Amino acid sequence: GAGLENLGNTCFLNSVLQCLTYTEPLVAYLQSGTHQSSCEQNYDLFSLLFFSFCRIAGFCALCAIQKHVNRALQSTGRILAPKDLVSNLRCISRNFRNSRQEDAHEYMVNLLESMHKCCLPLGVSSESPSSYEKSLVHKIFGGRLRSQVKCMQCSYCSNTFDPFLDLSLEIVKADSLHKALKNFTAAELLDGGERQYQCQRCKQKVKAIKQLTVYNAPHVLTIHLKRFRAYDFGQKIDRKVEFGPTLDMKPFVSGSNEGDLKYTLYGVLVHCGWSTHSGHYYCFVRTSSGMWYSLDDNRDQDAELLLTVLFLQAVEAHCYL
């Protein structure tokens, strides 16, 4: 692949692009040309209003990513400037500003959402249930969470399902990825006061157990470790979190999923610095040959010796980022 030029505090964008460039299911779809040949920039009404200035400029996030990935994979050893994606930063989110350091996770979430809207047929709302079935982005990155509340008096279960493109995990009380996932899916007792549950069957407030689990696991799993405190904005949680070359999601999944749900690591996006107001983003990616590279803007190097202990080759078709 290619290195990416920093166009003014764009390391957050460069790191996300590098990880997406080595996401094999996404690359396979982009290189097929399926989207580009049928792209009509179809947005629902809300998106049309929100992105009207982008449509006038003819910007499509999925086409932009396709163009970038094709150039990057054909330019090994060279340095590319991702000008199209940088100049259209506000088409991804109106909260972003050029030449300002932004959050890489926030950019990734907004970029995937923009790509999701771009690949939907005309007239399909981006938030409708059918959109998740038709969206290439959700077919690759998307899964479903189940929030279940079980009445301890009559055992009635109330289930709520929500789509997700990534999992954001608290790490304050976790020293490993497995522990963070265990905390994320831990059962919680609703036992009094405002925490009491109104049971639909009992028709009264009762004690209940609430649990969040992954119901449908995605093909590509993206996990975000929450290193910045919501109540202490700017301060970073400087805690070591261990993770391995593979991840078995079966203990955290409640739905019926085919396969053994084992994922292999192929990318790690890193923030280096002490707060949200400063620092630098870079990433490590695993190529199809099994070699690991450190990608830091326009500097790339063989990272095999650095990361041999952590990473192995892919297990089946699942991977995590």
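For residue 250, the lysines whose Cα comes closer than 20 Å to its Cα, not counting residues fewer than 8 places off in the same chain, are 139, 179, 182, 210, 262.
Highest mean first, what order results for 60-67, 187-194, 127-134 on Cβ atoms within 10 Å?
Averaged packing, sorted descending, gives the order 60-67, 127-134, 187-194.
None of the figures in this text is laboratory data; all of them are computed from the coordinates on show. A quick note: this is a predicted structure, and the numbers were derived from the prediction, not measured. All Cβ positions, glycine included, derive from the backbone under ideal geometry; neighbour counts span all protein chains shown.
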